[in-house]
Amino acid sequence: MSSSILWRGPTVSVPFHGRTDEHSRTVIAALAARGLQAVLVALIVGIFSFVMMQALPGDAAYRIAAGRYGYDMMDAASAETVRAELGLDQHWTAQLADWISALAKFDLGRSLVYGTPVMDEIAVQLGHSLLLAAGAVLASLLFALPVGVAAGLRPGGLVDRASLGLSVLLRAIPFFALGILLILVFAIRLDLLPVAGFRGPEHLVLPSITLGLGLAAVSSRVVRDAVTDAMAAEWQLFSRTKGLSTRLTMFRHVLRNAALPVVAYVGVQLAYLIEGVVIVETVFAWPGIGHALVHAIFSRDITMVQGTALTLGLLYVALNLCIDLACRGIDPRTRAAGRTGPRS
Amino acid sequence: MSAHRARPQAKRPSLDGGRILGLTLLGLLTLAAVVGPDLVGQDPARQSLLEALQGPSGRHLLGTDHLGRDMAARLLSGAQLSLFLAGLSTVTAALPGTLLGIVAAWFGGWPDRLLTAFADAVLALPGLLLVLMLAAISPGSWWALYTGISLTLWVEYFRYTRQRARVVLAEPAVEASQLLGIGPWMIVRRHLMPEIGPGILTIAAFGAATAVTAVAALGFVSVGIRPPTAEWGVMMTELLPYWRESPFLILQPVACLFMTVLALHLSVGGGVRP
Amino acid sequence: MTVPGQEAISVEALRVFTGQNVLLGPIDFHVREGGMLVIIGETGAGKSLAVQAILGTLHGSLRAEGRITVNGQRLDTLAPGARAALWGRKLATLPQEPWRSLDPLMRSRPQVHEAHRFVSCLPRRSAGIATDRTFGSLGLHGAERYLPGALSGGMAQRVAFAAATAAGAPILLADEPTKGLDTVRHAAVVSLLAQVPQAGGALVVITHDIAVARRLGGEALILKEGRMVERGPTRTVLVSPTTPYTKALLEADPACWQRTRPHRFDESVLMADSLGIARGGRVLIDDFSLRLHAGERVAITGPSGVGKTTLLDTLAGLLMPARGTIRRAARLAPTGMQKLYQDPPAAFPARVRLSCSLRDVARIHGVAWALVTDILSRLGVHPSLLDRRPGEVSGGELQRISIARALTVRPGILLADEPTSRLDPITQRDTMNLLANIANEERIAMVLVTHDNAIAEAWANRRIALNAPQVPAFPDSGSNPATDPIMSGRESA
């Protein structure tokens, strides 16, 4: 029914950004489309951040100076320094032009609160976020693949019905609520795993499982449907009746065909993944970009908001590009397109 | 033998057990949000530190929080807020989204390209980032939250309607109706609406669930609705430190959120029959 | 009747059940090596169930009973696994719609190669040589690197044939092998299948098409609603049928249709003048002219892809011609030209009751509902059908309702795009007869687009043959005096 928006959307269906109706696109065209999306992301984030800057209540310079030096240490002189530094006294069109051109030069500025270059902060946080995202995708595949394949091979069977019920229940628990429940059970009641923060690999377990379970709630059903469809396809039966064994049919035909919708769906889920990273990092005080973004919004550190939102947006675009290329790898039709067949 | 080749009929939600459960639950939640606060008769904002962290009693049906406020009153007040925002953003996303989808499919050409480009621009970023940035412009205000949620949700109706409408409008049935002299309004009513109606309802239910979740999540991470407003996400943040003294308290808003989202998901029947 | 040693496949008292209901059977047949059996029946006669029961691929809710013997070995008593072991080795199947039976993500060659390699268990090199030989002998050179989606229907069929028979199974079951192919290609399929008995194998073909059965020969078995009504040598059965059903089936063949003289009027209702029609930058039809008279029946024929439907839509005013003019008689209302469609359910709003669709039309044109019911009863449509939705009515009934709907607005011209190609032969004959009568009685001019020359010849007063663009234009052979030699699509760049 739709693409992803916010935490969880409807079950499955129309792939994101019309990926399938673009069978005939060349690699260059795919790259160009994602490149355009990246530019769009930068523009949207830049303009939003600029508006945020303008919308700061009261005299922005005083507020920022207060944030930076503390209320005790702040005076008119330090406010003027801030004003000059940020160019707050120009006309807004000139300021917007400055703002966007700085962005175009990858100059993300300094944190309004800490005064450190935003780029340096992000360089540290990005690694943490990527680690969490990878852990989450891994966890979701570990749940979704076995359960989905088992359910899909016997549709209507016990595994199918049980996993469907579980999926419906899990889908109704938002990421952060799931995080709270897991913290309460595993970290506090059972004292098995650390609650929050990031000091060692064991800190990765709970956040990854939180995100992974949430993603697997839907993707296990996608795997199940893909397997069911492939097993019910006429080409599957023909492969058997022409004499290939179940195992050969599985490895030579079913797997590749079933993998295609699953990989395409991982693309759909990227939006949930990015959103989930933001929320789950905050719940678990994970020192990544999402946590930094929420913290920056809370403390009105707008350059930080811009830098982190931009990084997350570009990460989203980059991951989407990877999925595009993976789909091309699996589906020879996209590569063969452009060359017409011998339709005689 | 009848009907050689029935057209694949899009799933029509039938009243299975899950749907009945979902609709009942949804009805009860709405009823509770509307008349509940009067029945409880407590002010959700009235603090009483002497009564803090109490268990359920005749006076406080679900106990009190760390500031001695009545939990039942606060949960119901939160339900009002969540359901109101969800309802409002669903309506204001569904109407323009569906209409623009029909417009894009009907006219094609530049209106289609323009609207599709706008929709793609909204989808360039994950929805939450857009909502977060809007929330950052005007922190704590419900309208920023509402605008952000509506802005991201309408795309879903638009894309679905446009895609289905393009298929339906290209069918011979529409051409036949046009040859028979049937006007655009009747074509939309007879051909299009019955075809996309169930899908729109499904998107609406899931969209409303998304909105409820979004409000709570932003409240929980302290960038949405702010304390002291009684909002489920805010309540979770406030009550999390007291889980050891009274674990029952933190579970209450979690359960409310869970039930609302579950009710919405089940109400379209899609959750039970994939 | 059969010599036991030569018997390849024999089926005795085969029945297929769903619950307690018999869907098929009992049917009996024996096919010897070098022999051929054609199972003939209309849609829904349970023909495909016979193949599935023999193979053991019936859907889980269905159950088969009866004795199935292949080369002296009982199949029905075998365990599913042991039965599957015979697939490809003893029993080969050519599936319906080969396009959907080939793995869409694998190129043609490996789909045949894997059968040589893993079913015949040849080493990789020999399997490759065998595959190349098969591709060569079936005229598939050049198709090796293509994915099934890029193959034509006929080529996909040959690739499926190559894959199914790679391991040399002596028995081939072919389920509707001509489905989805132009009639022009039927001869090629028949000669492909005929290779099997010539090579000493046994062939079982299932078809609804009498013409295909006639071409194949061998033995025939006629099925009606799952029951065997007649059996015998194909030529005998098809020449002197003994049961009323077989007779009706044969009479439905266009060659046997009763011809009616048109009530032709001099008034011309449509004039197309030197039309040029292009689609997707390709010129389909150049310099096409037509003068259509009231009450006249014109058929446009030609192979698929030649632009028949595009031409019809241009005449209907739905598409703009690249050049040329189309003029309608002044007396025709804007709705004076109506159209019938190939797939009747697709011609009605899918989720609305038929009565609602018809009432809409009547209301807009200020036609009394009594008049509509009158038209419906004249066309033999039972009023209770109108309470249903399009998907719940059979194709033949629905096509009559769509004719009634068109008549409601009193058209002067009726355009019909393959209106009966999805209908059973008997229904097809009835529908075309009905159209001919309407043309006569109501003075409606009709243009029929069809790929079936036999129907065009039997039904039309005038035929226009469109030729494939590569072939130089030639007027239809003068064998039929009704053919109008002036009209023909011309080849173009």
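Interface between chains C and B: roughly 2700 Å² of accessible area buried, both sides summed (probe 1.4 Å, protein heavy atoms only). For the pair A and B, the buried accessible area comes to roughly 4900 Å² in total, with a 1.4 Å probe and the value rounded to the nearest 100. Straight-line cross-link reach from A:Lys105 at under 19 Å between alpha-carbon atoms covers these aspartates and glutamates, not counting any fewer than eight positions away in the same chain: A:Glu85, A:Asp120, A:Glu121.
Using +1 at the Cβ of each Lys and Arg and -1 at the Cβ of each Asp and Glu in the protein assembly as shown, identify which of B:Ala72, C:Gly412, C:Leu24 lies farthest towards the dipole's positive end. Ranked along the dipole, the leading option is C:Leu24. If you find the alpha carbon centre of region C:376-452 and of region B:167-194, how far apart are they in angstrom? If we compute the Cα centre of each part, the gap is 20 Å. Using protein chains only (no ligands, no nucleic acids) and a 1.4 Å probe, work out which residues of region C:390-404 have their accessible area cut by at least 30 Å² relative to the chain alone. The answer is C:Gly391, C:Ser394. What the protein assembly as shown shows is 41 Å² of accessible area per residue, with the surface traced by a 1.4 Å probe over protein heavy atoms. Among the trypsin sites (Lys or Arg not before Pro) within region A:238-300, not one is in coil by DSSP while having at most 16 neighbouring Cβ atoms inside 10 Å. Under 1.5 on a/c is rounded, so check that first for region C:43-180, then, if it is not, pick prolate when a/b is larger than b/c and oblate when it is not; a ≥ b ≥ c are the square roots of the alpha carbon gyration tensor eigenvalues. It comes out oblate by the Cα gyration axes.
Summed over qualifying helices (DSSP H, 4 residues or more, each -39500 (n - 2.57)) and divided by its residue number, the protein assembly as shown shows a 222 nm mean residue ellipticity of -17000 deg cm²/dmol. Sorting B:Trp110, A:Trp99, B:Trp154 by accessible area puts them as B:Trp110, A:Trp99, B:Trp154; the probe is 1.4 Å, largest comes first, and only protein heavy atoms count. Residue by residue, region C:29-35 carries 3J(HN,Hα) couplings of 7, 9, 10, 8, 4, x, x Hz when phi is fed to the Karplus relation 6.51 cos²θ - 1.76 cosθ + 1.60 (θ = phi - 60°); x denotes Gly or Pro. Using C-alpha pairs below 8 Å separated by at least 6 residues, the relative contact order for chain B is 26 percent. Within the listed set B:Leu249, B:Leu85, B:Leu39, the residue fluctuating most in the Gaussian network model of chain B (springs between alpha-carbon atoms under 10 angstrom) is B:Leu39. Per residue, the Cα convex hull of region B:131-203 amounts to 97 Å³.
Could you tell me what percent of the accessible area of region A:183-328 is made up of carbon and sulfur, with a 1.4 Å probe and every protein chain present? Within region A:183-328, the accessible surface is 69 percent carbon and sulfur. Counting only Cβ charges, +1 for Lys and Arg and -1 for Asp and Glu, the dipole size of chain B around its Cα centre is about 820 debye.
Take the alpha-carbon centre of region C:283-348, take the same for region C:217-245, and report the distance between them in whole Å. Cα centroid of region C:283-348 versus Cα centroid of region C:217-245: 40 Å apart.
Between the residues C:Leu358, C:Met337, C:Gly81, the greatest Cα displacement towards the positive end of the dipole of chain C, with unit charges on the Cβ of Lys, Arg, Asp and Glu, is found for C:Gly81. Using a Gaussian network model of chain B in which every pair of alpha carbons under 10 angstrom is joined by a spring, one finds that among B:Arg190, B:Arg166, B:Arg74 the greatest mean-square fluctuation is at B:Arg190.
Please name which of C:Gly149, C:Val283, C:Pro254 has its Cα lying farthest along the dipole of chain C towards the positive end, using unit charges on Cβ (Lys, Arg +1; Asp, Glu -1) and the Cα centre as origin. Among C:Gly149, C:Val283, C:Pro254, the one farthest towards the positive end of the dipole of chain C is C:Gly149. Treating the beta-carbon of each Lys and Arg as +1 and of each Asp and Glu as -1, no other charges, what is the dipole magnitude of region A:118-298 about its Cα centre, to the nearest 20 debye? Computed charge dipole of region A:118-298: roughly 900 debye.
Sum up the charges of everything whose Cβ sits under 10 Å from the Cβ of C:Thr420, counting Lys and Arg as +1 and Asp and Glu as -1, but leave C:Thr420 out.
-2
May I ask for the distance between the Cα centers of region B:209-274 and region B:88-112, given as a whole number of Å? With region B:209-274 and region B:88-112 each reduced to a Cα centre, they are spaced 31 Å.
The values are calculated or read from the model by the stated rules, or taken from the named source; none is laboratory data. Predicted model only: the values in this text are computed from it and were never measured. Methodologically, a virtual Cβ is constructed for each residue, glycine included, from the backbone with ideal geometry; neighbour enumeration extends over all protein chains shown. Only protein heavy atoms, including side chains, enter the accessible area calculation; ligands, DNA and RNA are left aside. Shrake-Rupley method; radii C 1.70, N 1.55, O 1.52, S 1.80 Å.
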